[in-house]
Amino acid sequence: MSGGTALVNRPVITAWSAVSPFGIGRAAFTEGIRERRPAAAGLDDEQWQAAGDRACLVPDFDLRTVLGKKGVRSMDRVTGLAVTTVARLLDDAPRNRWVATGEDAALVLGTTTGSVQSQMDFTRDSLTMEKPYLVDPARFPNAVMNCAAGQSAIWHQLKGPNTTIAGGHAAGLYALNYARRLLTFGRARTVLCGAVEEFSHARSWLERHAHRPGTEGPAQLPGEGCGLLLVEQRGPGARDDAEQPVLAEILAVEMGIALDGGVRPALAACLRRALNRAEVRPEEIWAVSTSEAPGPSGEQERAAVAEAAEGADPVHLSQAALIGDTGAAAAAFQIAGVLVHAETTPAAAGRVALVTSVDRDGAVGCALLRLAGPR
């Protein structure tokens, strides 16, 4: 094992949860991944005026049913997904709520641009309602990018730093890197870190018009959901250090920008920096989870990973075919998928998982996680 394991004060992942096309909660995501169950389903034409007739939606996700009637009248779907995921993670174990709430508990949430549907609806009302533009003021917060993170903090008493990071498909890795920095510099003692994306007819039409079949290949079915990690400093000094259930150590997170379609060199540079800083040898890599970007970008992503993992024979984990293009939530779901596989694989213990992400707007990134293996 490399000297990277001896470095101290690296943050660790101690819990996670997800609201995904497999269902609500960690157990539903775990079951869907292990069964390799496709989540695509037909869309109800009365509810959705979408660009296509199929999508990977969170099944039976109704805000009043999931969260109750109080406080949800003006809540939009992306906020509901985030609030629900935070609730599920906090309720998964008594320790989670104790360490992840209060004055020094932060929330970092990745997104593409918040709720596109809420933004378009509010803009439309401001143009079409009677003067003086009688929009519903209760719906204005939904049009702000950080609404989901703010509402999650209010609902669950997260009183530390509250941050929203826009990064498209790479948003989950941007959020993880930000969470790492909060912990390193003592701005928080625990961080709920993840990313969220909603399905809506506005998003489906934007994706339809943005898709470039000639360079991106066939379009992926849209998906949605929220993935969330509980990240904290490894003891000593951690809250409830004696019972800290470490799932993975965050060895490195590196981000970059691909200019003029140069995904391979930009991602390869990220991978070299990550491996060097983490002092990890390629042969230590047990598993790889790529973003499965379509078209040439995906080919370049795979080529960069193959170059970085030369000499290793990693397991390649995939899930986009099951849950669709989950946008900003994709990288968070990739990490959750890695943890699911490691949970039942003795060979994963002490070894490294590589997670990569590529966004069509040029953001690229990677994370290296040293896995605890089965518990």
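The values are calculated or read from the model by the stated rules, or taken from the named source; none is laboratory data. Bear in mind that the values here come from a model prediction, so they are computed numbers and not experimental data. Counting neighbours? That spans all protein chains shown, and the Cβs are built from the backbone with ideal geometry, glycine included. Side chains are part of the model used for accessible areas, which takes the heavy atoms of the whole protein and leaves out ligands, DNA and RNA. Shrake-Rupley method; radii C 1.70, N 1.55, O 1.52, S 1.80 Å.
Averaging Cα coordinates gives a centre for region 301-375 and one for region 203-235; these two points are 15 Å apart. For region 20-64, the Kirkwood estimate of hydrodynamic radius, built from reciprocal distances between every pair of different alpha carbons, is 11.6 Å. For region 218-375, the relative contact order is 35 percent, taking Cα pairs closer than 8 Å that sit 6 or more residues apart in sequence and dividing their mean separation by the residue count. Annotation: Cα Rg of the chain relative to the compact-globule expectation 2.2 N^0.38 Å equals 0.95.
Under the simplified labelling scheme, the Thr123-Glu103 pair shows an inter-label distance of 4.2 nm, with each label point 7 Å from Cα along Cα→Cβ. As a rough guide to protection, the peptides 28-35, 40-47 ranked by mean Cβ packing within 10 Å, highest first, stand as 28-35, 40-47.
The overall shape of region 18-130, judged from the alpha-carbon gyration tensor, is oblate: a/c is not under 1.5, and a/b is no greater than b/c.
Average accessible surface for region 120-240: 49 Å² per residue, computed with a 1.4 Å probe over protein heavy atoms with every protein chain in place.
Working out 0.36 nm times the residue gap between Arg272 and Ala306, then minus their Cα-Cα distance, what length gain in nm do you get to one decimal?
Stretched fully, the Arg272-Ala306 segment lengthens by 11.0 nm.
Ordering Phe333, Phe140 by accessible surface, largest first, gives Phe140, Phe333; the 1.4 Å probe counts only protein heavy atoms, with every chain in place. Accessible area per residue (1.4 Å probe, heavy atoms of protein chains only) ranks Ile165, Ile335 as Ile165, Ile335, with the largest value leading.
Estimated at the nearest 10 Å², the accessible area of Phe185 is 150 Å² with a 1.4 Å probe. Here region 148-288 was treated as a single set of alpha-carbon atoms; its pair distances binned every 10 Å from 0 give 9, 29, 34, 21, 6, 0 percent. For region 252-375, the spread of Cα positions along the three principal axes, ordered from largest to smallest, is 43, 32, 20 Å.
Relative to its Kirkwood radius, the Cα radius of gyration of region 29-89 gives an Rg/Rh of 1.01. Averaging the sequence gap over all C-alpha pairs within less than 8 Å and six or more residues apart, then dividing by the number of residues, gives the chain a relative contact order of 23 percent. Principal axis extents of the Cα atoms in region 99-152, from largest to smallest and rounded to whole angstrom, are 49, 21, 9.
Under conditions of 4 °C and 1.567 mPa s, region 56-188 yields 80 µm² s⁻¹ as its translational diffusion coefficient, taking Rh as the Kirkwood radius over Cα pairs in the Stokes-Einstein equation. Site pair Phe185 and Ala27 shows an inter-label distance of 4.1 nm when each label is modelled 7 Å from Cα along Cα→Cβ. Prolate is the label for region 278-336, because a/c, from the alpha-carbon gyration tensor with a ≥ b ≥ c as root eigenvalues, is 1.5 or above and a/b exceeds b/c. The alpha carbons of region 121-179 occupy a box of 45, 28, 11 Å along the principal axes, longest dimension given first. Site pair Lys159 and Ala41 shows an inter-label distance of 4.0 nm when each label is modelled 7 Å from Cα along Cα→Cβ.
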